[in-house]
Amino acid sequence: MQKVVEGINYWINRLAEEYNSMSEDEINKRPSPNKWSKKEILGHLCDSAVNNMERFIKIQCEKPVYVVQSYDQDQWVTIQNYKERTTEEILNLFKALNKQIVNIVENTSNEKLSNLCDIGNNQHKTLEWLIQDYLEHMEHHIHKQILIDRN
Ligand code: NI
């Protein structure tokens, strides 16, 4: 799990640097009317943190097998109106949520890491898998949508 912790800590700092070097146009521009802007993608990463934080806790304390609930990603971004928040506020939220996730991961025992959850379609995965998947999802958005057109 050390690699995941290092990865999350790396992106907390790197994303702040990247967004601070972007113009308002770059941050607010939607590639097409129904695609997220880079600001909204950062909001989506906060939503992923909120939802996964709950999962990482509940898998450790609820009756097995914990069933992972999905969430309506587009509605979450729309309802929270990230597009009208300042980038600084969303960066602060991203940082605070991910620091807490790092704290949870660092305090999870090896025994708990093998707790199983149901991710749907009768697929059972360990908490360790879910934590790794959290970082992979974050990096997918970072590489494909946030950094893709930056030097
Ligand atoms: Ni996503």
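Assorted remarks:
- Residue-normalised accessible area of the chain, expressed per residue, 1.4 Å probe, Å²: 59
- Taking all protein chains together and rolling a 1.4 Å probe, residue 78 ends up with roughly 100 Å² accessible.
- Neighbour net charge for residue 92 - beta-carbon separation under 14 angstrom, K R +1, D E -1: +2
- Stokes-Einstein translational diffusion, the chain - Kirkwood Rh over all Cα pairs, 0.890 mPa s, 25 °C, in µm²/s: 151
- Rounded Å value of the spacing that divides the Cα centres of the stretch 56-90 and the stretch 1-27: 19
- Counting protein heavy atoms only, the stretch 45-151 has 45 percent of its accessible area on carbon and sulfur, 1.4 angstrom probe.
- For the stretch 64-137, the share of alpha carbon pairs falling in successive 10 Å distance bins from zero is 15, 38, 32, 15, 0 percent.
- Loop chymotrypsin sites (Phe, Trp or Tyr not before Pro), the stretch 54-147 (other Cβ atoms within 10 Å of the site Cβ: 16 or fewer; DSSP): 71
- Computing FRET efficiency as 1/(1 + (r/R0)^6) for residue 86 and residue 136, where r is the C-beta to C-beta distance and R0 is 41 Å, gives about 0.90.
- Angle between the chain longest axis and helix 127-141 axis [Cα atoms, degrees, rounded to 10]: 10
- Couplings 3J(HN,Hα) for the stretch 110-117, derived from phi with the Karplus relation 6.51 cos²θ - 1.76 cosθ + 1.60 (θ = phi - 60°), are 4, 4, 5, 4, 8, 4, 9, 10 Hz, where x marks Gly and Pro.
The values are calculated or read from the model by the stated rules, or taken from the named source; none is laboratory data. Note that this is a predicted model, so its numbers are computed, not measured. Every residue, glycine as well, gets a Cβ built from its backbone with ideal geometry; the counts of neighbours run over all protein chains shown. These accessible areas exclude ligands, DNA and RNA; they are computed on the full protein's heavy atoms, side chains included. Shrake-Rupley method; radii C 1.70, N 1.55, O 1.52, S 1.80 Å.
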